[in-house]
Amino acid sequence: MSTFLGQQRPLVIAHRGASSLAPEMTMAAYLKARQDLADGYECDVQLTKDLQPVCFHDTNLNRTSNGFGRLGAKTLAELKKLDYGTWFGEPPTEFTIEQWCSMLTLSELLEFVAAQSTAPIMLIETKHISANGIKLEAASIAAIKKFGLDNHDSTKPRAALMSFSIPALRRARSIDPDLYTVFLLAKKLPALDKLSNFVGSNAWGLGVHLLQTNPELVEQARSNGIQVFVWTVNTPEQIELCLKYKVDVIITDNPAATNQTIARLAAS
Ligand code: G3P
Ligand code: CA
């Protein structure tokens, strides 16, 4: 077990925060994940028009804000004026409107992570859907370093970079050869061992559908010295499958329910 993960049981990571309980990638979603004892958090990053890394999943603003059009066509100041929470519902009293409705920059999220005493892991997925994407890894790694999250010490808050994009992972490796990186896979790619060696990542991030159809990938990863992350794991059956194959990291929209299911299965 690498010192980066540092534990024998699968770690439970909150996907876009506790995104089944609060609007994705808002401070409310990450506060809820911390309260629900997630071992860490996941976010997606993209660059604004003025090249600021912000936490956001889609290409367009339509689904999760009261704005519209492409995120990459707007400046940070323009994006900060929008509401990213009301689409999900009204905030419960435990959260402020700001925590429920505001977009987070990557720096704002990493500041929250770096201040924690529980040594969370921050998984940052660089999304390659904008013209400025070539600058995204450098901007993300600069933010990771600014908050001292570029370490492999399981007693400290730390960050990893993830992507489906091979050029993105290669860029990250060339900027910081020691950064922990995760090669995301939505399907079984040909010549995967060779490709993985070329990418140089520490872990494979398998879609749970891929674990269901191709569980031999876990052994294949292990034989290459690669750790196994699985996303997005939300049902008891999917959690049980992850435990059966002893994966290293479970990425879920609901860390509290996932922790409960793991405890129940361990006791049975
Ligand atoms: O953790 C990886 C997973 O988040 C990839 O899919 O679409 O949720 O970003 P997506
Ligand atoms: Ca993601």
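The values are calculated or read from the model by the stated rules, or taken from the named source; none is laboratory data. None of these values were measured; they are calculated from a predicted model. Neighbour counts are summed over all protein chains in view; Cβ atoms, including those assigned to glycine, are modelled from backbone coordinates with ideal geometry. Side chains are part of the model used for accessible areas, which takes the heavy atoms of the whole protein and leaves out ligands, DNA and RNA. Shrake-Rupley method; radii C 1.70, N 1.55, O 1.52, S 1.80 Å.
Are any residues in the range 214-233 away from ligand 1 (no atom under 16 Å from the Cβ) and either under 16 Å from residue 39 (Cα atoms) or not β-branched (Val, Ile, Thr) (or both), and if so, which ones?
Within the range 214-233, 214, 215, 216, 219, 220, 222, 223, 224, 225 meet the criteria.
Could you please tell me which pairs satisfy a Cβ distance under 7 Å, a separation of 6+ or placement on different chains, a first residue in the range 4-15 that is closer than 15 Å to residue 238 by Cα, and a second residue that is open to solvent by less than 10 Å² (accessible area, probe 1.4 Å) and away from ligand 2 (no atom under 16 Å from the Cβ)?
Pairs found: 10/242; 10/247; 11/5; 12/258.
Out of the range 45-80, which residues are within 15 Å of ligand 2 (Cβ to nearest atom), within 22 Å of residue 141 (Cα to Cα) and polar (S, T, N, Q)? Even if it seems obvious, please write down each step before you answer.
The initial filter retains those residues of the range 45-80 that are within 15 Å of ligand 2 (Cβ to nearest atom), namely 45-46, 53-59, 63-64, 71.
Okay, now just the ones that are also within 22 Å of residue 141 (Cα to Cα), so 45-46, 53-59, 71.
The answer is 46, 59.
In the list 83, 153, which residue meets the criterion of being surrounded by 15 or more Cβ atoms within 10 Å (Cβ to Cβ) and of a type in the set (D, E, K, R)?
Details: 153 fails: surrounded by 15 or more Cβ atoms within 10 Å (Cβ to Cβ).
That would be 83, the only listed residue that is surrounded by 15 or more Cβ atoms within 10 Å (Cβ to Cβ) and of a type in the set (D, E, K, R).
So how many residues does the range 217-253 have that are buried (at least 23 other Cβ atoms within 10 Å of the Cβ) and closer than 25 Å to residue 31 by Cβ?
Total satisfying the criteria: 9.
State the number of residues belonging to the range 105-119 that are open to solvent by less than 30 Å² (accessible area, probe 1.4 Å) and in a helix (DSSP H, G or I). Break it down into steps so the answer makes sense when it comes.
Here is the first cut: in the range 105-119, the residues open to solvent by less than 30 Å² (accessible area, probe 1.4 Å) are 105-106, 109-110, 112-113, 116, 119.
Filter once more, so that each one left must be in a helix (DSSP H, G or I): 106, 109-110, 112-113.
Total satisfying the criteria: 5.
Based on what the data block shows, is residue 125 within 16 Å of ligand 2 (Cβ to nearest atom), touching a Ser or Thr at 6+ places or on another chain (Cβ under 7 Å) and more than 24 Å from residue 248 (Cα to Cα)? Working first, answer last.
On the way: within 16 Å of ligand 2 (Cβ to nearest atom): yes; touching a Ser or Thr at 6+ places or on another chain (Cβ under 7 Å): yes; more than 24 Å from residue 248 (Cα to Cα): no.
No, not satisfied.
Residues of the range 120-150 being touching a residue at least 60 places away in the same chain (Cβ under 8 Å), part of a loop (DSSP other than H, G, I, E, B) and either surrounded by fewer than 19 Cβ atoms within 10 Å (Cβ to Cβ) or polar (S, T, N, Q) (or both), which ones? I'd like the intermediate steps shown before the answer.
If we filter the range 120-150 for residues that are touching a residue at least 60 places away in the same chain (Cβ under 8 Å), which is where we start, we get 120-127, 129-130, 132-133, 135-136, 139-140, 143.
Add one more test, that the residue is part of a loop (DSSP other than H, G, I, E, B), and what stays is 120, 127, 129-130.
129, 130, listed by residue number.
Is one or more of the residues making up the range 79-99 in contact with a strand residue (DSSP E or B) (Cβ under 9 Å, 6 or more places away or on another chain), more than 16 Å from ligand 1 (Cβ to nearest atom) and either of a type outside the set (Asp, Glu) or at pLDDT 95 or above (or both)?
Within the range 79-99, the first condition is being in contact with a strand residue (DSSP E or B) (Cβ under 9 Å, 6 or more places away or on another chain), and the residues that meet it are 79-80.
Still in the list and also more than 16 Å from ligand 1 (Cβ to nearest atom): 79-80.
Remaining after also requiring either of a type outside the set (Asp, Glu) or at pLDDT 95 or above (or both): 79-80.
Taking every residue of the range 79-99 in turn, at least one turns out to be in contact with a strand residue (DSSP E or B) (Cβ under 9 Å, 6 or more places away or on another chain), more than 16 Å from ligand 1 (Cβ to nearest atom) and either of a type outside the set (Asp, Glu) or at pLDDT 95 or above (or both).
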